[in-house]
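Engineer: Please find one structure pasted underneath; my questions will follow.
The values are calculated or read from the model by the stated rules, or taken from the named source; none is laboratory data. Quantities reported herein were computed from a predicted structural model and do not represent experimental measurements. When we count neighbours, we look across all protein chains shown, and the Cβ atoms used for this are built from the backbone with ideal geometry, even at glycine. To get the accessible areas, we keep the full protein, side chains included, count just its heavy atoms, and leave off ligands, DNA and RNA. Shrake-Rupley method; radii C 1.70, N 1.55, O 1.52, S 1.80 Å.
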Amino acid sequence: MPTDRRSFLKTTSLAASTLAFPAVVKSASPNSKLQVVSVGANGMAFSDIKNIGSHAKVQYVGFCDIDSTRFDKADAEHPGVAHFTDFREMFAKLGDKIDAVNVGTPDHMHAKVAIEAIRKGKHVYCQKPLAHTVWEARQMRLEAAKAKVVTQMGNQIHSNLEYRLGTRLIKEGAIGKVKEVYSWVGVTGNERNKRLAPAPAGKVPSHVNWDLWIGVAPMRDYAPCYHPFVWRDWQDFGGGALGDFGCHILDPVFTALGLNAPTHITAENSGVNDQIWPTNQTIEYVFPGNSLTAGKTLKVTWMDGGLRPDRKIAKMPDNLDLPKSGSVFIGEEGNMVLAHVAGPRLYPVEKFTGFKYPKEQGLSHWHRWVDACLGGEPTTDGFDYAGPLAETVQLGNVATRLAIGEIDQRTGRPLDLKTLEWDTNAFAFKNNPAADKLLTKTYREGWAI
């Protein structure tokens, strides 16, 4: 596992390439069943099991979970499928019977499971935020390109009617060139965010394999707040509100505007330590401009924990307010509010009176992946696209972990806001080499990628 900049550059020698090679089918023929296993059997993993399994050409051959009580829903949908506790044992035992893998574990295990599957030539569907660190997201993209397998990130709204219509409107110039974007989620932290140490130890339930749940993370004692939830609040396991929703809400921003990697990232927050993510935060990203943007650069501002931009920027009617979660695109010829999840709305109202929205169709995100695995159209949310999106999300979390300092009593803002200058090709920060260590993490012995 890389621990310094030289190692980063060595292991990311393909970093200058931002697009993966086209995926090709390596196993199942168009007339056969796609044989799928799932690592994770409940929660979002079960949602994916159900939706992937609703495709007529899918057959499950293995379910894996570290908790023996969490197979019931999957078994009800697909009875008789073999159970496993360790995904590595499942991969070894089923071997060539596996065509594709669904990864629905807590975030800290995504890359370990997905990369092992990819290296075995398996197609992969992986839940958002794709990876736990920037380095992992980069490796997942490079490994998928090398293996030429079909991949998809589990930010399913990417294929929904609402996001497809919203991104189409931006691409077709409904509001003109875009000057700025604000994105936010209403998730708010609570007293958990004041924790300065791991939770008090509890007895490991007999049905939980705690060693396998910890996986790549540093070992710590079991506590009920980690499994089955709220692991996402803890830095060793999740990515907080940004990690949870960034790959959803920033997805139409990336798709509509053809974004790839930011050049500058600045963060401020309510306070962060080395255990828990902050209660709320604001992240400012600056991206290179393009033909769809009004300037040479584009600022995208992320907010969470109940923070939102001023509703006045959208030029909405006085009787309307911004949604609890979503984005507002500020254009040269109007604005678009795209809620999470609802159809796009154009403002000011008087300018768009009589505007005819184009017809658009929602698609099954899961079936698009299955069809691609069986030789159909390539996915639009494969790791070639999802990797840079996930990197951007986790770059925000790197900036968040640096935004620590005394509060200016006049403004209520931290005094030492950190603006990071990112060089995506070099996979390093231009102005803060010490921050490079936060692009990755320390892997537990025996669990390195």
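Engineer: Can you find a residue in the range 81-91 that is part of a strand (DSSP E or B) and either more than 22 Å from ASP251 (Cβ to Cβ) or modelled with pLDDT of 95 or more (or both)?
Structural biologist: Yes, the range 81-91 has at least one match.
Engineer: Tell me, yes or no, whether the range 397-407 has at least one residue that is over 23 Å from the mean Cα position of the chain (by Cα), open to solvent by 30 Å² or more (accessible area, probe 1.4 Å), of a type in the set (Lys, Arg) and modelled with pLDDT under 95.
Structural biologist: No, the range 397-407 contains no residue that is over 23 Å from the mean Cα position of the chain (by Cα), open to solvent by 30 Å² or more (accessible area, probe 1.4 Å), of a type in the set (Lys, Arg) and modelled with pLDDT under 95.
Engineer: Sticking with this one: Of the residues that sit in the range 271-305 and are in a loop (DSSP other than H, G, I, E, B) and over 22 Å from HIS132 (Cα atoms), which one is most open to solvent (accessible area, probe 1.4 Å)?
Structural biologist: LYS296
Quick grid of which residues meet (1) in a loop (DSSP other than H, G, I, E, B); (2) touching a Gly at 6+ places or on another chain (Cβ under 9 Å):
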{"position": "ILE330", "(1), (2)": "no, no"}
{"position": "LEU338", "(1), (2)": "no, yes"}
{"position": "GLY343", "(1), (2)": "yes, yes"}
{"position": "LEU346", "(1), (2)": "no, yes"}
{"position": "GLU350", "(1), (2)": "no, no"}
{"position": "ARG368", "(1), (2)": "no, yes"}
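Engineer: Within the range 119-135, work out how many residues are part of a strand (DSSP E or B) and of a type in the set (A, V, I, L, M, F, W, C).
Structural biologist: Going through the range 119-135 one residue at a time, the tally reaches 2.
Engineer: Next up: Would you be able to tell me the number of residues in the range 159-176 that are among the acidic types (Asp, Glu) and part of a helix (DSSP H, G or I)?
Structural biologist: 1
Engineer: Please enumerate the residues belonging to the range 46-60 that are assigned to a strand (DSSP E or B) and buried (at least 19 other Cβ atoms within 10 Å of the Cβ).
Structural biologist: VAL58, TYR60
Engineer: Give the range 306-343 a look and list any residue that's within 22 Å of the chain's Cα centre (by Cα) and surrounded by 22 or more Cβ atoms within 10 Å (Cβ to Cβ), or say none.
Structural biologist: GLY326, SER327, VAL328, PHE329, VAL337, LEU338
Engineer: Checking ASP244 against (1) assigned to a helix (DSSP H, G or I); (2) touching a residue at least 40 places away in the same chain (Cβ under 8 Å); (3) among the charged types (D, E, K, R); (4) open to solvent by 50 Å² or more (accessible area, probe 1.4 Å), which single condition isn't satisfied?
Structural biologist: (4)
Yes or no, residue by residue, for (1) at pLDDT below 95; (2) open to solvent by less than 20 Å² (accessible area, probe 1.4 Å):
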| site | (1), (2) |
| --- | --- |
| ALA197 | yes, no |
| TRP213 | no, yes |
| PHE229 | yes, no |
| GLY258 | no, no |
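Engineer: Going residue by residue through the range 266-284, is there one that turns out to be among the aromatic types (Phe, Trp, Tyr), within 27 Å of SER47 (Cα to Cα) and out of contact with any His (no Cβ under 9 Å at 6 or more places or on another chain)?
Structural biologist: Within the range 266-284, one or more residues are among the aromatic types (Phe, Trp, Tyr), within 27 Å of SER47 (Cα to Cα) and out of contact with any His (no Cβ under 9 Å at 6 or more places or on another chain).
Engineer: Something else: Consider LEU242 against the criteria (1) out of contact with any Gly (no Cβ under 6 Å at 6 or more places or on another chain); (2) on the phi < 0 side of the Ramachandran plot: it satisfies all of them except one. Which criterion is unmet?
Structural biologist: Here LEU242 clears every test but (1).
Yes or no, residue by residue, for (1) without any contact (Cβ under 8 Å) to a residue 12 or more places away in the chain; (2) within 15 Å of SER183 (Cβ to Cβ); (3) among the hydrophobic types (A, V, I, L, M, F, W, C):
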| position | (1), (2), (3) |
| --- | --- |
| ASN290 | no, no, no |
| VAL300 | no, yes, yes |
| LYS312 | yes, no, no |
| LYS315 | no, no, no |
| LEU320 | yes, no, yes |
| ILE330 | no, yes, yes |
| LEU338 | no, yes, yes |
| LEU346 | no, no, yes |
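Engineer: Report yes if HIS108 is at pLDDT 95 or above, in a loop (DSSP other than H, G, I, E, B) and either in contact with a Lys or Arg (Cβ under 9 Å, 6 or more places away or on another chain) or of a type in the set (Phe, Trp, Tyr) (or both), otherwise no.
Structural biologist: No; evaluated as a whole, the condition is false for this residue.
Engineer: So, ALA100, is that one of a type in the set (A, V, I, L, M), more than 20 Å from ARG232 (Cα to Cα) and free of Cβ contacts under 8 Å to residues at least 12 places away in the same chain or not?
Structural biologist: Considered against the rule, which asks whether it is of a type in the set (A, V, I, L, M), more than 20 Å from ARG232 (Cα to Cα) and free of Cβ contacts under 8 Å to residues at least 12 places away in the same chain, ALA100 comes out as no.
Engineer: Something else about it: Please go through the range 123-159 and give me each residue that is farther than 29 Å from ILE265 by Cα, surrounded by fewer than 24 Cβ atoms within 10 Å (Cβ to Cβ) and not small (Gly, Ala, Ser), ordered by number.
Structural biologist: Result: LYS146, LYS148.
Engineer: Moving to a separate point now. Spot the failing condition for GLU116; the list is (1) more than 24 Å from GLY396 (Cα to Cα); (2) part of a loop (DSSP other than H, G, I, E, B); (3) open to solvent by 10 Å² or more (accessible area, probe 1.4 Å), and only one is missed.
Structural biologist: Here GLU116 clears every test but (2).
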